[in-house]
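Novice: Dumping the structure here so I can ask a few things about it.
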Amino acid sequence: MYQLPATQLKTALQALPGLEAEQQSAALSERIDQAVAVVEGSAADPLDAWLKGLIVRLSGPRSAVDRRFVQLSLLIDQGEDTPGIRFVPDGQRGRFDNLATLLANIDSRVIVLLGQPGSGKTTLLQRLQLEEAWREHERPTGRVPFLSR
């Protein structure tokens, strides 16, 4: 639904059965208008408009990655031939508040993010994308945070 123009999205919301008609439809339409105002307010700068749209999308109720986060621990891979536990905590660095801090504190150019389905891998990467969009919006450097699936 994010790909629909705002007017079509509002029309689709009004046509949905089961919404408590006017009250919920009006509230959702107001949120759409607010999001459009944020994006259109920076139409002169397409990158800024894209960043604002990204921030609105990732902070919205569907994603809410601005409010979802778990503490991270960096584990060192001892190698598959290691007797005993293969992945051990990195005792030198401890825990991290966000992925950007973790990435800034490691020397490796490659990391592997492992986890069971539903464990939060995509949410973690979306959070990194949101944090980068916030930084880029506040202090533009020309960097474009994106997540490809």
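Novice: Compute the FRET efficiency between E138 and I111 as 1/(1 + (r/R0)^6), taking r as their Cβ-Cβ distance and R0 = 25 Å, and round to the nearest 0.05.
Specialist: 0.45
Novice: Give the residue list of trypsin sites (Lys or Arg not before Pro) in the stretch 89-134 that are DSSP loop and have at most 12 other beta-carbon atoms within 10 angstrom.
Specialist: The qualifying sites are R109.
Novice: Can you list the residues of the stretch 99-121 with backbone N under 16 Å from a point 7 Å past the Cα of D90, pointing along Cα to Cβ?
Specialist: The answer is 99-114.
Novice: With label points built 7 Å along Cα→Cβ from the Cα atoms of E80 and T11, find their separation and express it in nm.
Specialist: 5.5
Novice: Something else: Just want to confirm a number: the relative contact order over the stretch 67-140, from Cα pairs under 8 angstrom separated by 6+ residues, in percent.
Specialist: In percent, rounded to a whole number, it is 27.
Novice: How large is the Kirkwood hydrodynamic radius of the stretch 67-140, counting all unique pairs of alpha carbons, in Å?
Specialist: Result for the stretch 67-140, one decimal place: 14.1 Å.
Novice: Here's something else I'd like to know. Per residue of the stretch 58-65, what does 6.51 cos²θ - 1.76 cosθ + 1.60 with θ = phi - 60° give for ³J(HN,Hα)? Whole Hz please, x for Gly and Pro, Karplus curve as stated.
Specialist: So the Karplus estimates, Gly and Pro as x, are 6, 8, x, x, 5, 9, 6, 6 Hz.
Novice: Please report, in debye to the nearest 20, how large the charge dipole of the stretch 67-140 is about its Cα centre when each Lys and Arg carries +1 at its beta carbon and each Asp and Glu carries -1 there.
Specialist: Here the stretch 67-140 has a charge dipole of around 300 debye.
Novice: Please list, in order along the stretch 119-131, the HN-Hα scalar couplings obtained from phi with the Karplus expression 6.51 cos²θ - 1.76 cosθ + 1.60 (θ = phi - 60°), rounded to whole Hz, x for Gly and Pro.
Specialist: Result, rounded to whole Hz: 7, x, 4, 5, 4, 4, 5, 5, 5, 4, 4, 5, 4.
Read-outs throughout are calculated quantities, based only on the coordinates presented, and are distinct from any laboratory measurement. Only a predicted model underlies this, so the values are computations on that prediction, with no experimental measurement involved. Please note: Cβ atoms are built from the backbone with ideal geometry, for glycine as well, and neighbour counts cover all protein chains shown.
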